[in-house]
1. Tell me, what are the semi-axes, in whole angstrom and largest first, of the equivalent ellipsoid of the range 211-282 as set by the roots of 5 times the Cα gyration tensor eigenvalues?
2. Work out Dmax and Rg for the range 409-497 from the C-alpha atoms and quote the Rg first, both in angstrom.
3. Mean Kyte-Doolittle hydropathy of -1.0 or higher plus an axial Cα length of 30 Å or more: which whole DSSP H helices in the chain meet both?
4. Quick one: in the range 456-510, what % of C-alpha pairs are over 13 Å apart?
5. Compute, for LEU443, the solvent-accessible surface of its heavy atoms (probe 1.4 Å) with the complete set of protein chains present, and express it in square angstrom to the nearest 10.
6. Taking K and R as +1 and D and E as -1, what net charge do the other residues with C-beta under 10 Å from the C-beta of THR344 add up to?
7. Just check the chain against the gyration tensor rule for me: Cα atoms, a ≥ b ≥ c as the square roots of the eigenvalues, rounded for a/c under 1.5, and otherwise prolate or oblate depending on whether a/b exceeds b/c.
8. I'd like the carbon and sulfur percentage of the solvent accessible area for the range 330-410, probe radius 1.4 Å, heavy atoms only, ligands and nucleic acids excluded.
Amino acid sequence: MLKKRIVFKLIAGFALIVLVSMLSIGTFFIFMFRGYTFHTGQTTLLNRAHIIANLLSENQNNVGPLRGYGFIRFLDAMTEAKVWITDGHGHPASLSGPGWGTGVGLGMGGGWGKGISPGNPVNSGPLPDSAQQVIPLVLTGKDSVSEGFNPLYHESTLTAGVPILGPNNQVIGTVLLLAPVTGITATVNKAIGILAVSLLVALIPAFGLGIYYAVQFARPLRAMNRTALEMARGNYAARTGINRQDEIGQLGNSLDLLAEKLSCTIDELFLEKGKIADIIASISEGIVAFDLDLKPLNVNSALPDIMHRPHPYPLREIEHDLAGLGIMAELQMAMRDKKVVQITKDWLDRKLKFVLSPIIDKNGNVSGGVALVQDISESERLEELRKDFIANVSHEFRTPLTVIKASLEAIVDGTINRPDAIERCYERMVGETRGLERLVTDLLDLSRLQSGKLSLSKEPVHLPTLLADTVKSLQTIADKKGVHINYDPPPSVPPLAGDYDRLRQLFVIFLDNAIKYSPAQTVVSVEVTQGKTLDVFIRDQGCGIAPETLPYIWDRFYKADKSRRSSGTGLGLAIAKHLVELHKGRVSLQSELGKGTVVKISLPCS
């Protein structure tokens, strides 16, 4: 874990940079120092060789003090190197007599000995290989230096050679100095040791500085990492708290700005999501979203009510119900063809309309599907009522118009020419015309009630008096059928605010229906009670209404007994209900076949 942390990497990298830099500098320094040391050693050997060569060149004829092996030993000590002196042919020379000899008995002339003399050798032993390599170049009059392994010292040595010049600057011999590099190597090794110690000492503060700067560098990074993790958890209020002017500070400020912008964006997205969720939830139609595998993802709250299922509506049951209706296959075709499909299905006692649409992204690819479910049972019923309304109006108009037309044609054609018959035709046409007038009046009243264009002229109305007047006017009609209306006005009933004519109209409608559908020798009773509201009960002893037809009695042109022949238009109860609601009241109807019907009208007290 430590190797994965940036602090460790920074410290290691910083230390590695320092180490490599110091090693590079040290290696370069050692290389330069070694080269300088060797160059200094070579220069020193050459200078000492030149001193010896000059000494020998200046004392060619006076070698007494220079004679013998002790002189060479002296030179060895003074130069801190082995000294070889050779003749002009590169052979080791010897000192003898008043002059120099070759050491091999052959006189060289020109100041080098006089004839053959055994002399005393200056050097003993063969010349080293390094000297053999130097002599040819030195004999040409040039200085030469070589480095190589010498078996005498069992180590590397430096060999410097300079020419000994005669009076005419001719080379009459060479001086060779051979010195081991032990001293130079020791100096270089000592310098390497000092450098190594310096390197180790320098690494200590370097590591300390590396740790300090690594921690300083990693601290804001850790703060930014914590902020990023908090943002990933949904906490967009988190901030880095970095207050720096460098690039890291700019990065921290950018991260804080990102958190602020994300917070605003997420809030806006949640707000929009909430609005969309509220809009979808408030839609009265059911909505189901599907993925590419036709698995339901989400539904709104209206779907369970439309499908007549309890809340919540599990997605598995949704899939099962829709598959049973064949919706899945239709949705798959809609997603494949990228077209909207509308189908109608019967579900339980309802008629449902499904609008299936594919979800297409901006690249034109289908990413899912949506099903819009509408309960069109009511609209279908209303459409059926509309058709029935048109048919009923046509029928209601056609019948009296046919009678009027037939009567007029009979009179015009002379088919009916007796005065009494013509009189009956006129009476029949007048009756049918009154029926048409009543139908048109009811239609206009109903239309104005439904559109809200009918206004009430409210005034204090004494309900018992109004009912007594209505009962009295309808008693004549009831007497013709043998029906008695029983009404006992209650005392001390306060007046209510209402339109007298419209209230009388609605009570006429209910009482007329009660009389019309009551058999002879029965009683229609009217009762008024007072509580929180003024309740009027109208009871008859008629044939009653079947329970399955009770929800539809308030519809226009609806007649419970389709076979019953009556002069009604089928609009009375619809008008009466609207008049009650216009007075802020309620109306209910209870009926049982063979036992009669009870109508309850509740009106608010003043």
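1. Working: eigenvalues 250, 24, 7 Å².
Its equivalent ellipsoid spans semi-axes of 35, 11, 6 Å.
2. 21.2, 64
3. Qualifying helices, which must be both long enough and hydrophobic enough, are 6-58, 182-232, 247-282, 377-413, 419-451.
4. For the range 456-510, the fraction of Cα-Cα distances above 13 Å is 61 percent.
5. 40 Å²
6. Details: positive: LYS345, LYS351, LYS353; negative: ASP346, GLU380.
Local charge sum for THR344: +1.
7. Working: a/c = 7.83, a/b = 5.30, b/c = 1.48.
The shape class here is prolate.
8. So the carbon and sulfur contribution to the accessible surface is 53 percent.
The values are calculated or read from the model by the stated rules, or taken from the named source; none is laboratory data. Note that the structure is predicted; figures quoted are calculated from it, not measured. Every residue, glycine as well, gets a Cβ built from its backbone with ideal geometry; the counts of neighbours run over all protein chains shown. Please note that ligands, DNA and RNA were not included when accessible areas were found on the heavy atoms of the full protein model with its side chains. Shrake-Rupley method; radii C 1.70, N 1.55, O 1.52, S 1.80 Å.
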